[in-house]
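J.: Below you will find the structure I want to go over with you.
What follows draws every value from the coordinates through simple rules; no lab data is involved. What you are looking at is a predicted structure, and each value in this text was computed from that prediction instead of being measured. Reconstructed Cβ throughout: ideal geometry from the backbone, glycine too, with neighbour counts over all protein chains shown.
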Amino acid sequence: MADLNKLSEQYELVSNKTNALHKMSEQLLADQNKLSSIGDNIKQKLHYFTQVEHLSQRLNSPTMSVNSESFFIVLAKIDECLEYMKTNSGFKESHTYLVKYRHLQSRAISLIRSYVNHVLDHATEQVLTTNEEDSTDQEAMETAYAVYFGKFQAAAPKLRMVISEVESRAENNAEYASLLNELQREYCARRWRVSGAGVGAALASAGATHAREHAALARAATGLLAHACRDECALYAHMFRTPSPARESVYRTIEQKTLH
């Protein structure tokens, strides 16, 4: 009987120790999960403070093409980091990194500007070179107008995705809105270089043909301008989906003249 009591006491002791060890293990596991969660949270927050160098290297990489999915991913990451720094402005170095990410954004905008201008310049030079070669042939001058549009239409696939990225950001970002306006102005300036002289020559030819017929001249000139505007609007739509400020200015001017 004494041995049985002793064995019972030993069992009780071992059972208590086992239960205590089990509770300690559960507590340690809970603490581990809590620390792991805290660590993941810190890692997630630190992530936005560790992307500056990586994004800078990608932007400055000689293999990075502006008209590529990789570049658009970098733009999105810069936007994400900027937004995070703005939202968490209370973090100790958030302002410092906000400045760094804005610098990266400015660098990306500069790359976009250079790329778009380069493509537009190349298309413009192709058109002007063709114009010079065909300038002595009146028939070629008349048919070249359509060909000139083709040069810019061929450039559209190189620009559409890039400009679309700018347009999507311009709605909520002043820097991209300014860039979009600049790209629209540059595009219009190059189109004027290309088509301005041709339209002027066509109007002059119509004036000479209908020198004594004012009504016929008005119809011919109006038809020429309407045709040129239609073609230019169609070409513009290949590049941009947002209206040009110049179009809005013309619309408001006409509206004031017709409604007041």
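J.: Can you compute the modelled spin-label distance between T63 and E83, with each label point 7 Å from Cα toward Cβ, in nm?
T.: 3.0
J.: Between F72 and L128, what's the calculated FRET efficiency when r is the beta-carbon distance and R0 is 51 Å? Round to 0.05.
T.: 0.95
J.: Measuring from a point 7 Å past the Cα of S56 along Cα-to-C-beta, which residues in segment 79-101 have an amide N at less than 15 Å?
T.: 96-101
J.: By per-residue mean of other Cβ atoms within 10 Å, what is the highest-first order of 161-171, 12-22, 224-234?
T.: The densest-packed peptide leads the list: 161-171, 224-234, 12-22.
J.: Right, next: What is the packing order of peptides 23-33, 91-101, taking the mean over residues of other C-beta atoms within 10 Å and listing the highest first?
T.: Going from most to least packed, we get 91-101, 23-33.
J.: So what are the ³J(HN,Hα) numbers for segment 87-103, from phi and the Karplus equation (6.51, -1.76, 1.60; θ = phi - 60°), rounded to whole Hz, Gly and Pro as x?
T.: Result, rounded to whole Hz: 5, 10, 5, x, 5, 3, 10, 4, 5, 4, 6, 4, 5, 5, 6, 5, 5.
J.: While we're here: Measuring from label point to label point, each 7 Å out along Cα→Cβ, what is the K92 to D121 span in nm?
T.: Label-label distance for K92 and D121, simple model: 4.6 nm.
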